[in-house]
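Derivation of every value follows stated rules applied to the coordinates shown; laboratory data play no part. None of these values were measured; they are calculated from a predicted model. Methodologically, a virtual Cβ is constructed for each residue, glycine included, from the backbone with ideal geometry; neighbour enumeration extends over all protein chains shown.
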Amino acid sequence: MTQPQDLPKEAGHRLEELEHGLFTSDLSVNEFLLIKEAGFHPLGFVMGSSIYHTGIQARRWSKSQELTKLTEAMYNARELAMTRMEEEADQLGADGVVGVRLDVNYYEWGRDAAEFIAVGTAVKAEDGTSHRNKLGKPFTSDLSGQDFWTIMQTGYVPQGLVMGTCVFHIAHRGIGQTLGTVGQNVELPNFTQALYEARELAMTRMQDEANTLGATGIVGVRLEEKSHQWGSHTIEFLSLGTAVTKGTGDVTLPKPITVISLDN
Amino acid sequence: MVAPGPADTGDGDPGATGPDGDLPEAAGRRLAGGSFSSGLTVPDFAACLQMGLRPVALVQGFCVMQWGWYGAGSQYTRGMTPFTYGGQAPPGVYSESYSCPHGGFVYSNEHRIWGQNYQQPWVEAAWAQGFGSAYSRMIEEAGEVGAHGVIGVVDTTRHLADMNVTEFHILGTAVVVEGGGTPPGATPWTTYLAGQRLAKLVEAGYMPVSVVAALASVRVWAYCVTEMLMEGTLSRFGGNYMPVSEVEQLSRAHMAARSLAREHVRGQLGNDTLQGAQIVANTQSLSQGDEVIECALRGTRVRRFKDFDPMPAARPTVRLS
């Protein structure tokens, strides 16, 4: 967990300027309009970054296994970036951050090191009611402005961007195994179970985060897979989504109407 | 091959099924968790609530399959086709042969005096097994959370790492119909559709039954004309110019692959209809005009349950998305 003083000096100066009324955001014009329509206004573009050395972990050539050290590293690095972004939002007095993007960049100068970046637009409710989450922090969400407006119409409120990760090493096949099934169309249960387990672990961890926030559910779940720089047999399974809770008021969903789009 | 639907009348292919109760432990723990998860976009989520569907969990199924080594498909075993040159293919299996039109004169050892297009049912069966097993596991997960259906199904196949194995991955959002009963046979219905498209389907009077998908695989052994047309060397035999002409053998192979995929899917529909058909053809070029054409067709099997309601009058609008 980082402390507010972790933020660079320049961040403080930039955020101070934003406190005087000027706002910055990466929202499109339509997103800006809908954020306002939902009763929020943007406070500023916020970000958090962490350059993390991911290290190495021994893996057995013929064994499928979770690489827990790498899982931990990928998790911590993203948490650091997210926490710093939340701190910037907190400093602006925001209720939440919308349109959060989490990226990983690699640089030539830092072998085995990666920069984890979280960026988004801090927003605040115009009527002064607090929309902070159960932990007293600004909510985070990867929802676009349109999606944010829509979810608010359904009576659900974002609580936080939740994620789960699992770095898994997939075993190589030995000569014996290969010869044993040569020419056959067969399921390889060990591989099936390994990949199944890896994805389920990532999704379980994501759900655990949502439960910590007291969420009712998670919308827009994405399951991403990347080998980063580890080679083809080591894969990171990352599960991401926005945790939401059901609001207290009764909501009547508007009946859909047929429309003809003039966009095309 | 077929994804078993809730009210499968048994008139389609039975489909491959995976073993029951073989979900990983983590799946059980995740599905027992307190919050729901959903792979739906927010607009789809909103449309889902509007229709009276409650998301309960993101469900998924996997199967890693080894693709058998096919002597008949290898470029080193030309001639080892399942159907000898000029021979009859088994009933219902596509095959056609081509003969050299150059008078039977062998210009060199490499001159291909015969060629053949043939269906590869063993590849199709392997694909069906992998898809069917992954699908059954997804249905098993959906059953564990008491779902009535699975919407927004997405299926992918990909080669795993650098091994000669293929992974089938199917996932979707399990939903409960508010106030609805258990589906027939207690098997959740499934659909590739979600959100607005699903709402429009129901509005139009159709209900989803199950996703259906099939692969057709056709192997092309090029004969001399196809080889020369593909390599641009026909002028050796036809004068000093290259005529514009159809590569008939390949055209027919491509048509056959699409037609076979359609037949496979038709066999799974029974008296129902297919909605949102998507056909994806992949061609793997080997050498000397030889090819493998794989054509996957997928869509949602739908059944009429009410008369079409008149649509309200449309009005122009500008989207903010």
Q) Working from the pairwise distances between different alpha carbons, so that the mean of 1/r is found and then inverted, what is the range B:244-312's Kirkwood radius in Å? A) 14.6 Å
Q. For the pair B:ILE113 and A:SER62, how long in nm is the line joining their label points, each one 7 Å along Cα→Cβ?
A. 5.0 nm
(Q) Starting from a Cα-only point model with no solvent, please compute log10 I(q)/I(0) by Debye for the range A:4-246 at q = 0.08, 0.12, 0.13 1/Å. (A) -0.37, -0.73, -0.83
Q) Using modelled amide H (1.01 Å from N, peptide plane; none on Pro or chain starts), what sits under 5 Å from the amide H of A:TYR156, excluding residues fewer than 5 places away? A) A:GLY247
**Q.** Karplus-derived HN-Hα couplings along the range B:270-285 (A = 6.51, B = -1.76, C = 1.60, θ = phi - 60°), whole Hz, x at Gly and Pro
**A.** x, 8, 8, 10, 9, 10, x, 5, 10, 10, 10, 10, 10, 10, 10, 7
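Tell me, A:ILE151, B:ILE151, A:ILE117 in order of fewest to most beta-carbon neighbours within 10 Å?
Going from least to most buried by this count: A:ILE117, A:ILE151, B:ILE151.
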Q) So what is the 222 nm mean residue ellipticity for chain A from helices alone, if each DSSP H run of at least 4 adds -39500 (n - 2.57) and you divide by all residues, rounding to the nearest 500 deg cm²/dmol? A) -10000 deg cm²/dmol
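What order do you get for A:SER49, A:SER232, A:SER141 when you list them from fewest to most C-beta neighbours inside 10 Å?
Ranking A:SER49, A:SER232, A:SER141 by Cβ neighbours within 10 Å, fewest first, gives A:SER232, A:SER49, A:SER141.
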Q | ³J(HN,Hα), Karplus 6.51/-1.76/1.60, whole Hz, each residue of the range A:36-42, x for Gly, Pro | A | 5, 4, 7, x, 10, 10, x
Q) Can you put B:VAL202, B:VAL212 in order, fewest other beta carbons within 10 Å first? A) B:VAL202, B:VAL212
Q) Which of the GluC sites (Glu not before Pro) found in the range A:43-134 are in a DSSP loop and have at most 14 neighbouring Cβ atoms, other than their own, within 10 Å? A) A:GLU108, A:GLU126
Q) Can you give the average number of partner chain beta-carbon atoms within 10 Å of each beta-carbon in peptide A:243-249, as a whole number? A) 1
(Q) Give the average, rounded to an integer, of partner chain Cβ atoms located within 10 angstrom of each Cβ in B:313-320. (A) 5
Q) Here are some pairs, A:LYS137/A:LYS226; A:LYS134/A:LYS226; A:LYS9/A:LYS137; which of them have Cα atoms lying more than 26 Å apart in this structure? A) A:LYS137/A:LYS226; A:LYS134/A:LYS226
Q: Work out how much length A:SER130 to A:GLU37 would gain on full extension: take 0.36 nm times their residue separation and subtract the Cα-Cα distance, in nm to one decimal.
A: 31.8 nm
Q. Under 27 Å from the Cα of B:LYS306, which lysines turn up, not counting those fewer than eight places away in the same chain?
A. A:LYS255, B:LYS200
